[in-house]
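As C-alpha coordinates, the structure follows; a few thoughts come after it.
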Amino acid sequence: MIRLIVSDLIAHARIWLGVVAVTIATGFVGAVAAALLETGAFHGGEVEEGLASTSSAVIMFTAVTALIVLSSTATLTVSLQVRSYALWQLVGVRPALVSAIVLVQLGIVGVVGGLLGSLLALPVFPALFVWVFREWSEMQGISLHLGLGSAWVVTAAITLTVLFGGLRSARRAGRTPPIEALRDPEPSQARTGWFRVLLGIAALGGMIALVLNLDGSAPMSTFSGQAVLLTPLIAAVLAATGPIVFPLVLRGWTALISARVSATWFLARNSARYRLSRSSAAISPLMVAIALTGGLYTTVATTAAAQTLRTGADAGFDLAPEGVVILLGGPLLLSAVASAATVFMSGHAREREFALIQAVGSTPPSIVLTAIWEAVAYTVTAVILGSAATIIGGVVVADALELPGPSISFPALGVIAGGGLILLLAATVMPTAAALRTEIPRTLAVE
(Lines give C-alpha, C1' and ligand atoms only; values in the text may rest on other atoms or scores of the structure.)
Protein backbone atom coordinates (compact mmCIF):
# COMPACT_ATOMS: atom_id res chain seq x y z
CA MET A 1 0.00 0.00 0.00
CA ILE A 2 2.82 2.40 0.91
CA ARG A 3 4.52 1.69 -2.40
CA LEU A 4 1.29 2.38 -4.29
CA ILE A 5 0.74 5.65 -2.42
CA VAL A 6 4.26 6.93 -3.06
CA SER A 7 4.45 5.78 -6.69
CA ASP A 8 1.10 7.40 -7.49
CA LEU A 9 2.19 10.68 -5.89
CA ILE A 10 5.30 10.63 -8.08
CA ALA A 11 3.44 9.57 -11.24
CA HIS A 12 0.95 12.43 -10.87
CA ALA A 13 3.44 14.90 -9.46
CA ARG A 14 2.07 17.80 -11.49
CA ILE A 15 -1.38 17.46 -9.96
CA TRP A 16 -0.13 16.90 -6.42
CA LEU A 17 2.38 19.76 -6.62
CA GLY A 18 -0.54 22.09 -7.28
CA VAL A 19 -2.34 21.17 -4.06
CA VAL A 20 0.98 21.17 -2.18
CA ALA A 21 1.55 24.77 -3.29
CA VAL A 22 -1.88 25.74 -1.97
CA THR A 23 -1.30 24.01 1.38
CA ILE A 24 2.13 25.64 1.74
CA ALA A 25 0.61 29.07 1.14
CA THR A 26 -2.14 28.29 3.66
CA GLY A 27 0.40 27.09 6.20
CA PHE A 28 2.41 30.27 5.77
CA VAL A 29 -0.59 32.55 6.27
CA GLY A 30 -1.93 30.46 9.14
CA ALA A 31 1.43 30.50 10.89
CA VAL A 32 1.56 34.31 10.70
CA ALA A 33 -1.88 34.54 12.34
CA ALA A 34 -0.83 31.99 14.98
CA ALA A 35 2.36 33.95 15.67
CA LEU A 36 0.31 37.09 16.34
CA LEU A 37 -1.81 35.21 18.88
CA GLU A 38 1.17 33.50 20.51
CA THR A 39 3.16 36.73 20.76
CA GLY A 40 0.20 38.54 22.32
CA ALA A 41 -0.42 35.73 24.83
CA PHE A 42 3.25 35.74 25.85
CA HIS A 43 3.40 39.48 26.63
CA GLY A 44 -0.18 40.09 27.83
CA GLY A 45 -1.56 43.54 28.65
CA GLU A 46 -1.89 46.10 25.85
CA VAL A 47 0.20 43.98 23.51
CA GLU A 48 -2.18 41.03 23.85
CA GLU A 49 -5.22 43.27 23.46
CA GLY A 50 -3.88 44.93 20.32
CA LEU A 51 -2.68 41.71 18.70
CA ALA A 52 -5.87 39.84 19.63
CA SER A 53 -8.05 42.38 17.82
CA THR A 54 -5.77 42.32 14.78
CA SER A 55 -5.36 38.56 14.67
CA SER A 56 -9.13 37.95 15.01
CA ALA A 57 -9.76 39.87 11.79
CA VAL A 58 -6.80 38.18 10.09
CA ILE A 59 -8.05 34.74 11.15
CA MET A 60 -11.59 35.51 9.95
CA PHE A 61 -10.44 36.64 6.50
CA THR A 62 -7.91 33.83 6.22
CA ALA A 63 -10.26 31.10 7.46
CA VAL A 64 -12.94 31.96 4.93
CA THR A 65 -10.43 31.92 2.09
CA ALA A 66 -8.61 28.79 3.28
CA LEU A 67 -11.79 26.75 3.68
CA ILE A 68 -12.84 27.61 0.16
CA VAL A 69 -9.54 27.17 -1.67
CA LEU A 70 -8.44 24.04 0.18
CA SER A 71 -11.74 22.22 -0.28
CA SER A 72 -12.04 23.14 -3.96
CA THR A 73 -8.40 22.24 -4.65
CA ALA A 74 -8.72 18.90 -2.86
CA THR A 75 -11.86 18.10 -4.83
CA LEU A 76 -10.16 18.99 -8.10
CA THR A 77 -7.09 16.91 -7.23
CA VAL A 78 -9.17 13.77 -6.83
CA SER A 79 -11.43 14.52 -9.80
CA LEU A 80 -8.46 14.79 -12.13
CA GLN A 81 -7.36 11.25 -11.21
CA VAL A 82 -10.67 9.38 -11.23
CA ARG A 83 -9.63 7.55 -14.42
CA SER A 84 -6.47 6.27 -12.71
CA TYR A 85 -8.47 5.10 -9.71
CA ALA A 86 -10.78 3.22 -12.06
CA LEU A 87 -7.76 1.42 -13.52
CA TRP A 88 -6.71 0.46 -9.99
CA GLN A 89 -10.05 -1.26 -9.50
CA LEU A 90 -9.70 -3.10 -12.81
CA VAL A 91 -6.40 -4.65 -11.64
CA GLY A 92 -7.92 -5.80 -8.36
CA VAL A 93 -7.67 -2.98 -5.82
CA ARG A 94 -10.77 -2.99 -3.62
CA PRO A 95 -13.03 0.14 -3.84
CA ALA A 96 -12.75 0.79 -0.10
CA LEU A 97 -8.96 0.61 -0.35
CA VAL A 98 -8.99 3.09 -3.24
CA SER A 99 -10.84 5.64 -1.11
CA ALA A 100 -8.54 5.01 1.84
CA ILE A 101 -5.42 5.53 -0.30
CA VAL A 102 -6.79 8.81 -1.67
CA LEU A 103 -7.48 10.09 1.85
CA VAL A 104 -3.99 9.06 3.00
CA GLN A 105 -2.48 10.94 0.07
CA LEU A 106 -4.52 14.06 0.91
CA GLY A 107 -3.45 13.75 4.54
CA ILE A 108 0.22 13.52 3.58
CA VAL A 109 -0.09 16.59 1.38
CA GLY A 110 -1.83 18.52 4.15
CA VAL A 111 0.84 17.71 6.73
CA VAL A 112 3.77 18.40 4.42
CA GLY A 113 2.30 21.64 3.10
CA GLY A 114 1.31 22.91 6.54
CA LEU A 115 4.74 22.26 8.05
CA LEU A 116 6.62 23.75 5.09
CA GLY A 117 4.41 26.84 5.17
CA SER A 118 5.03 27.28 8.89
CA LEU A 119 8.77 26.98 8.34
CA LEU A 120 8.63 29.63 5.62
CA ALA A 121 6.82 31.96 8.02
CA LEU A 122 9.63 31.85 10.59
CA PRO A 123 12.10 34.14 8.75
CA VAL A 124 9.37 36.36 7.24
CA PHE A 125 7.24 37.08 10.30
CA PRO A 126 9.74 39.32 12.19
CA ALA A 127 10.19 41.73 9.26
CA LEU A 128 6.46 41.73 8.54
CA PHE A 129 5.63 42.42 12.20
CA VAL A 130 8.06 45.33 12.44
CA TRP A 131 6.66 46.94 9.27
CA VAL A 132 2.98 46.47 10.11
CA PHE A 133 3.23 47.66 13.72
CA ARG A 134 5.90 50.32 13.30
CA GLU A 135 3.47 53.04 14.46
CA TRP A 136 2.41 51.17 17.63
CA SER A 137 4.61 52.27 20.52
CA GLU A 138 3.72 49.28 22.72
CA MET A 139 4.88 46.87 19.98
CA GLN A 140 8.38 48.28 19.70
CA GLY A 141 11.21 45.96 20.73
CA ILE A 142 9.04 43.07 21.94
CA SER A 143 10.08 39.46 21.41
CA LEU A 144 8.20 37.48 18.77
CA HIS A 145 7.03 33.91 19.20
CA LEU A 146 5.97 31.08 16.93
CA GLY A 147 6.36 27.72 18.63
CA LEU A 148 6.16 24.15 17.41
CA GLY A 149 2.77 23.75 19.08
CA SER A 150 1.26 26.58 17.03
CA ALA A 151 2.76 25.16 13.84
CA TRP A 152 1.19 21.78 14.56
CA VAL A 153 -2.20 23.36 15.26
CA VAL A 154 -2.05 25.17 11.92
CA THR A 155 -0.94 21.98 10.16
CA ALA A 156 -3.72 19.95 11.79
CA ALA A 157 -6.33 22.51 10.74
CA ILE A 158 -5.05 22.47 7.14
CA THR A 159 -4.94 18.67 7.03
CA LEU A 160 -8.47 18.30 8.38
CA THR A 161 -9.79 20.86 5.91
CA VAL A 162 -8.13 19.07 2.99
CA LEU A 163 -9.46 15.70 4.17
CA PHE A 164 -13.00 16.93 4.69
CA GLY A 165 -12.90 18.87 1.42
CA GLY A 166 -11.77 15.82 -0.54
CA LEU A 167 -13.77 13.19 1.39
CA ARG A 168 -16.73 13.12 -0.95
CA SER A 169 -14.51 12.90 -4.04
CA ALA A 170 -12.42 10.17 -2.40
CA ARG A 171 -15.53 8.12 -1.67
CA ARG A 172 -16.70 8.66 -5.23
CA ALA A 173 -13.31 7.49 -6.53
CA GLY A 174 -13.87 4.14 -4.84
CA ARG A 175 -17.60 3.77 -5.42
CA THR A 176 -17.86 4.77 -9.08
CA PRO A 177 -17.91 1.68 -11.35
CA PRO A 178 -14.67 1.54 -13.38
CA ILE A 179 -16.46 1.45 -16.72
CA GLU A 180 -18.43 4.58 -15.86
CA ALA A 181 -15.31 6.40 -14.64
CA LEU A 182 -13.35 5.48 -17.75
CA ARG A 183 -16.18 6.65 -19.99
CA ASP A 184 -16.63 10.01 -18.21
CA PRO A 185 -14.16 10.79 -15.40
CA GLU A 186 -15.99 13.96 -14.40
CA PRO A 187 -19.70 14.29 -13.52
CA SER A 188 -21.68 16.48 -15.88
CA GLN A 189 -24.01 17.76 -13.15
CA ALA A 190 -23.19 19.96 -10.19
CA ARG A 191 -23.44 18.39 -6.76
CA THR A 192 -23.02 19.89 -3.31
CA GLY A 193 -21.44 17.65 -0.66
CA TRP A 194 -22.17 17.75 3.05
CA PHE A 195 -18.97 19.68 3.80
CA ARG A 196 -20.09 22.53 1.57
CA VAL A 197 -23.58 22.33 3.05
CA LEU A 198 -22.20 22.73 6.57
CA LEU A 199 -19.93 25.57 5.45
CA GLY A 200 -22.85 27.29 3.73
CA ILE A 201 -25.13 26.94 6.74
CA ALA A 202 -22.46 28.27 9.10
CA ALA A 203 -21.67 31.22 6.82
CA LEU A 204 -25.35 32.00 6.26
CA GLY A 205 -26.07 31.84 9.98
CA GLY A 206 -23.14 34.12 10.75
CA MET A 207 -24.19 36.54 8.03
CA ILE A 208 -27.78 36.76 9.30
CA ALA A 209 -26.62 37.21 12.90
CA LEU A 210 -24.21 39.94 11.86
CA VAL A 211 -26.85 41.80 9.83
CA LEU A 212 -29.31 41.69 12.73
CA ASN A 213 -26.69 43.01 15.16
CA LEU A 214 -25.32 45.85 13.02
CA ASP A 215 -25.99 49.06 14.94
CA GLY A 216 -25.45 52.21 12.93
CA SER A 217 -25.67 54.35 16.07
CA ALA A 218 -22.68 52.64 17.69
CA PRO A 219 -19.23 54.25 17.65
CA MET A 220 -17.85 54.13 14.13
CA SER A 221 -14.80 52.08 15.13
CA THR A 222 -17.04 49.42 16.69
CA PHE A 223 -19.43 49.43 13.74
CA SER A 224 -16.70 49.18 11.10
CA GLY A 225 -15.03 46.33 13.00
CA GLN A 226 -18.24 44.33 12.67
CA ALA A 227 -19.29 45.49 9.21
CA VAL A 228 -15.98 44.55 7.61
CA LEU A 229 -16.80 40.87 8.25
CA LEU A 230 -20.07 40.97 6.31
CA THR A 231 -18.76 40.63 2.75
CA PRO A 232 -16.45 37.68 3.59
CA LEU A 233 -19.47 35.82 4.97
CA ILE A 234 -21.48 36.58 1.83
CA ALA A 235 -18.57 35.32 -0.29
CA ALA A 236 -18.43 32.15 1.84
CA VAL A 237 -22.13 31.52 1.20
CA LEU A 238 -21.61 31.93 -2.56
CA ALA A 239 -18.55 29.66 -2.50
CA ALA A 240 -20.35 26.98 -0.48
CA THR A 241 -23.14 26.92 -3.05
CA GLY A 242 -20.61 27.18 -5.87
CA PRO A 243 -21.45 23.85 -7.60
CA ILE A 244 -24.93 25.26 -8.14
CA VAL A 245 -24.34 29.02 -8.40
CA PHE A 246 -21.17 29.04 -10.53
CA PRO A 247 -22.61 27.07 -13.49
CA LEU A 248 -25.78 29.19 -13.46
CA VAL A 249 -23.82 32.45 -13.58
CA LEU A 250 -21.36 31.07 -16.14
CA ARG A 251 -24.12 29.84 -18.42
CA GLY A 252 -26.13 33.02 -17.91
CA TRP A 253 -23.60 35.58 -19.05
CA THR A 254 -21.90 33.42 -21.70
CA ALA A 255 -25.30 32.84 -23.31
CA LEU A 256 -25.38 36.57 -24.06
CA ILE A 257 -22.43 36.10 -26.44
CA SER A 258 -23.39 33.99 -29.43
CA ALA A 259 -21.37 30.84 -30.05
CA ARG A 260 -21.20 31.93 -33.68
CA VAL A 261 -18.80 34.74 -32.78
CA SER A 262 -15.90 32.37 -33.28
CA ALA A 263 -15.08 28.68 -33.10
CA THR A 264 -12.56 29.31 -30.33
CA TRP A 265 -15.19 31.03 -28.17
CA PHE A 266 -17.55 28.11 -28.81
CA LEU A 267 -14.93 25.61 -27.61
CA ALA A 268 -13.93 27.70 -24.59
CA ARG A 269 -17.51 28.32 -23.50
CA ASN A 270 -18.51 24.68 -23.69
CA SER A 271 -15.32 23.48 -22.00
CA ALA A 272 -15.81 25.87 -19.07
CA ARG A 273 -19.46 24.87 -18.76
CA TYR A 274 -18.79 21.14 -18.86
CA ARG A 275 -15.70 20.80 -16.66
CA LEU A 276 -17.46 21.82 -13.47
CA SER A 277 -14.80 20.88 -10.92
CA ARG A 278 -12.08 22.67 -12.90
CA SER A 279 -14.25 25.73 -13.44
CA SER A 280 -15.29 25.95 -9.79
CA ALA A 281 -11.72 25.52 -8.57
CA ALA A 282 -10.55 28.38 -10.81
CA ILE A 283 -13.48 30.71 -10.07
CA SER A 284 -13.74 30.32 -6.28
CA PRO A 285 -10.37 31.80 -5.22
CA LEU A 286 -10.62 34.80 -7.54
CA MET A 287 -14.21 35.47 -6.50
CA VAL A 288 -13.19 35.45 -2.84
CA ALA A 289 -10.24 37.76 -3.49
CA ILE A 290 -12.46 40.25 -5.31
CA ALA A 291 -15.14 40.11 -2.62
CA LEU A 292 -12.72 40.52 0.30
CA THR A 293 -10.87 43.43 -1.28
CA GLY A 294 -13.95 45.17 -2.59
CA GLY A 295 -15.78 44.58 0.68
CA LEU A 296 -12.99 46.04 2.81
CA TYR A 297 -12.54 49.16 0.71
CA THR A 298 -16.30 49.63 0.27
CA THR A 299 -16.98 49.27 4.00
CA VAL A 300 -14.26 51.76 4.92
CA ALA A 301 -15.41 54.26 2.28
CA THR A 302 -19.06 53.93 3.33
CA THR A 303 -18.32 54.37 7.04
CA ALA A 304 -16.11 57.37 6.22
CA ALA A 305 -19.02 58.92 4.30
CA ALA A 306 -21.32 58.35 7.28
CA GLN A 307 -18.77 59.87 9.63
CA THR A 308 -18.55 62.94 7.42
CA LEU A 309 -22.33 63.37 7.52
CA ARG A 310 -22.38 63.03 11.30
CA THR A 311 -19.57 65.43 12.11
CA GLY A 312 -19.81 67.79 9.15
CA ALA A 313 -16.07 67.41 8.57
CA ASP A 314 -14.35 65.36 5.92
CA ALA A 315 -13.48 62.06 7.63
CA GLY A 316 -11.29 61.02 4.72
CA PHE A 317 -10.72 57.54 3.33
CA ASP A 318 -8.07 56.22 5.68
CA LEU A 319 -6.87 52.72 4.87
CA ALA A 320 -3.18 52.39 5.70
CA PRO A 321 -1.08 50.08 3.51
CA GLU A 322 0.05 48.01 6.48
CA GLY A 323 -3.58 47.45 7.47
CA VAL A 324 -4.41 46.25 3.97
CA VAL A 325 -1.41 43.92 3.95
CA ILE A 326 -2.14 42.32 7.32
CA LEU A 327 -5.86 41.87 6.56
CA LEU A 328 -5.81 41.03 2.85
CA GLY A 329 -2.24 39.91 2.22
CA GLY A 330 -2.86 36.33 3.31
CA PRO A 331 -6.21 35.83 1.56
CA LEU A 332 -4.91 37.42 -1.63
CA LEU A 333 -1.83 35.19 -1.54
CA LEU A 334 -3.99 32.10 -1.07
CA SER A 335 -6.33 33.16 -3.85
CA ALA A 336 -3.51 33.89 -6.28
CA VAL A 337 -1.72 30.60 -5.60
CA ALA A 338 -4.96 28.60 -5.76
CA SER A 339 -6.17 30.21 -8.99
CA ALA A 340 -2.88 29.59 -10.77
CA ALA A 341 -2.35 26.14 -9.27
CA THR A 342 -5.77 24.77 -10.16
CA VAL A 343 -5.47 25.78 -13.79
CA PHE A 344 -1.89 24.48 -13.93
CA MET A 345 -2.97 21.15 -12.38
CA SER A 346 -5.58 20.70 -15.09
CA GLY A 347 -3.10 21.37 -17.89
CA HIS A 348 -1.86 17.80 -18.21
CA ALA A 349 -5.42 16.47 -18.30
CA ARG A 350 -6.16 18.84 -21.17
CA GLU A 351 -3.27 17.65 -23.36
CA ARG A 352 -5.39 14.83 -24.82
CA GLU A 353 -8.22 17.25 -25.54
CA PHE A 354 -5.84 19.59 -27.35
CA ALA A 355 -4.43 16.72 -29.37
CA LEU A 356 -7.93 15.63 -30.42
CA ILE A 357 -8.81 19.16 -31.47
CA GLN A 358 -5.63 19.35 -33.52
CA ALA A 359 -6.34 15.96 -35.06
CA VAL A 360 -9.64 17.20 -36.48
CA GLY A 361 -8.00 20.21 -38.12
CA SER A 362 -7.62 22.98 -35.55
CA THR A 363 -4.40 25.02 -35.55
CA PRO A 364 -2.14 25.73 -32.53
CA PRO A 365 -2.97 29.48 -32.54
CA SER A 366 -6.67 28.62 -32.38
CA ILE A 367 -6.11 26.32 -29.41
CA VAL A 368 -4.12 29.01 -27.57
CA LEU A 369 -6.90 31.50 -28.27
CA THR A 370 -9.40 29.00 -26.89
CA ALA A 371 -7.36 28.81 -23.67
CA ILE A 372 -7.34 32.61 -23.47
CA TRP A 373 -11.13 32.76 -23.85
CA GLU A 374 -11.52 30.14 -21.16
CA ALA A 375 -9.41 32.18 -18.72
CA VAL A 376 -11.53 35.23 -19.57
CA ALA A 377 -14.72 33.22 -18.89
CA TYR A 378 -13.45 32.22 -15.45
CA THR A 379 -12.43 35.78 -14.64
CA VAL A 380 -15.69 37.40 -15.73
CA THR A 381 -17.69 34.87 -13.72
CA ALA A 382 -15.57 35.56 -10.64
CA VAL A 383 -15.95 39.32 -11.16
CA ILE A 384 -19.74 39.03 -11.37
CA LEU A 385 -19.96 36.99 -8.17
CA GLY A 386 -17.34 38.99 -6.25
CA SER A 387 -18.97 42.27 -7.25
CA ALA A 388 -22.37 40.94 -6.22
CA ALA A 389 -21.04 40.06 -2.76
CA THR A 390 -19.42 43.50 -2.47
CA ILE A 391 -22.54 45.37 -3.55
CA ILE A 392 -24.85 43.35 -1.30
CA GLY A 393 -22.56 43.92 1.69
CA GLY A 394 -22.24 47.61 0.85
CA VAL A 395 -26.02 48.06 0.59
CA VAL A 396 -26.55 46.43 4.00
CA VAL A 397 -23.85 48.61 5.60
CA ALA A 398 -25.25 51.76 4.02
CA ASP A 399 -28.76 50.89 5.19
CA ALA A 400 -27.53 50.36 8.76
CA LEU A 401 -25.87 53.80 8.61
CA GLU A 402 -29.00 55.33 7.05
CA LEU A 403 -27.15 56.34 3.90
CA PRO A 404 -28.83 56.48 0.47
CA GLY A 405 -26.30 54.01 -0.91
CA PRO A 406 -22.83 52.51 -0.42
CA SER A 407 -19.56 53.91 -1.71
CA ILE A 408 -18.54 50.98 -3.91
CA SER A 409 -14.78 50.84 -4.48
CA PHE A 410 -14.74 49.88 -8.16
CA PRO A 411 -10.99 50.61 -8.57
CA ALA A 412 -10.18 47.98 -5.93
CA LEU A 413 -12.41 45.48 -7.73
CA GLY A 414 -10.73 46.28 -11.02
CA VAL A 415 -7.20 45.87 -9.69
CA ILE A 416 -7.87 42.42 -8.22
CA ALA A 417 -9.84 41.32 -11.30
CA GLY A 418 -7.03 42.44 -13.59
CA GLY A 419 -4.39 40.70 -11.49
CA GLY A 420 -6.48 37.53 -11.41
CA LEU A 421 -6.89 37.59 -15.18
CA ILE A 422 -3.14 37.89 -15.66
CA LEU A 423 -2.52 34.94 -13.35
CA LEU A 424 -5.13 32.80 -15.04
CA LEU A 425 -3.80 33.67 -18.49
CA ALA A 426 -0.28 32.74 -17.45
CA ALA A 427 -1.43 29.49 -15.84
CA THR A 428 -3.59 28.62 -18.85
CA VAL A 429 -1.65 29.74 -21.89
CA MET A 430 1.83 28.52 -20.92
CA PRO A 431 0.80 24.89 -20.23
CA THR A 432 -1.32 24.97 -23.39
CA ALA A 433 1.63 26.15 -25.48
CA ALA A 434 3.82 23.46 -23.91
CA ALA A 435 1.23 20.77 -24.62
CA LEU A 436 1.08 21.77 -28.29
CA ARG A 437 4.75 20.89 -28.69
CA THR A 438 3.98 17.23 -27.95
CA GLU A 439 3.43 14.96 -30.93
CA ILE A 440 -0.26 14.22 -31.52
CA PRO A 441 0.07 10.42 -32.01
CA ARG A 442 2.15 10.12 -28.87
CA THR A 443 -0.36 12.11 -26.79
CA LEU A 444 -3.35 10.16 -28.06
CA ALA A 445 -1.60 6.80 -27.64
CA VAL A 446 -0.92 7.31 -23.93
CA GLU A 447 -3.92 7.26 -21.61
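The values are calculated or read from the model by the stated rules, or taken from the named source; none is laboratory data. Owing to the predicted nature of the structure, the values given are computational and were not obtained by experimental measurement. Glycine also receives a Cβ, built like all others from the backbone with ideal geometry; neighbour counts cover every protein chain displayed. To get the accessible areas, we keep the full protein, side chains included, count just its heavy atoms, and leave off ligands, DNA and RNA. Shrake-Rupley method; radii C 1.70, N 1.55, O 1.52, S 1.80 Å.
Computed quantities for the displayed model
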| read-out | value |
| --- | --- |
| Accessible surface, per residue, of the stretch 61-146 when the full set of protein chains is kept, probe 1.4 Å, Å² | 40 |
| Ranked by how many other beta carbons lie within 10 Å on average, peptides 118-127, 211-220, 392-401, 409-418 from highest | 392-401, 409-418, 118-127, 211-220 |
| Inter-label distance for residue 10 and residue 175, nm, one decimal - labels placed 7 Å from Cα along Cα-to-Cβ | 3.3 |
| Simple label model, 7 Å out from Cα along Cβ direction - residue 3 to residue 96, nm | 2.4 |
| Volume of the Cα convex hull of the stretch 320-434, divided per residue and given in Å³ | 119 |
| Projected-area average for the stretch 247-307 over all orientations - Cα convex hull basis, square nanometres | 5.5 |
| Additional length obtainable on full extension of the chain from residue 253 to residue 218, 0.36 nm per residue less Cα span | 8.5 nm |
| Ranked by how many other beta carbons lie within 10 Å on average, peptides 300-311, 130-141 from highest | 300-311, 130-141 |
| Cα-based Rg of the chain normalised by 2.2 N^0.38 Å, two decimals | 1.02 |
| Label-point gap, in nm, between residue 362 and residue 52 - each point 7 angstrom along Cα→Cβ | 5.7 |
| Helical segments meeting 18 Å axial Cα length and Kyte-Doolittle 0.0 threshold in the chain (DSSP H) | 13-43, 45-79, 95-132, 148-175, 194-213, 276-311, 321-359, 364-400, 410-435 |
| Rg/Rh ratio calculated on Cα atoms of the stretch 55-104 (Kirkwood radius) | 1.25 |
| All-pairs Cα distance distribution in the stretch 1-110, expressed in whole percent, bin size 5 Å | 2, 11, 18, 16, 12, 10, 9, 8, 6, 4, 2, 1, 0 |
| Percent of Cα pairs exceeding the 19 Å cut-off, where the set is the stretch 223-344 | 60 |
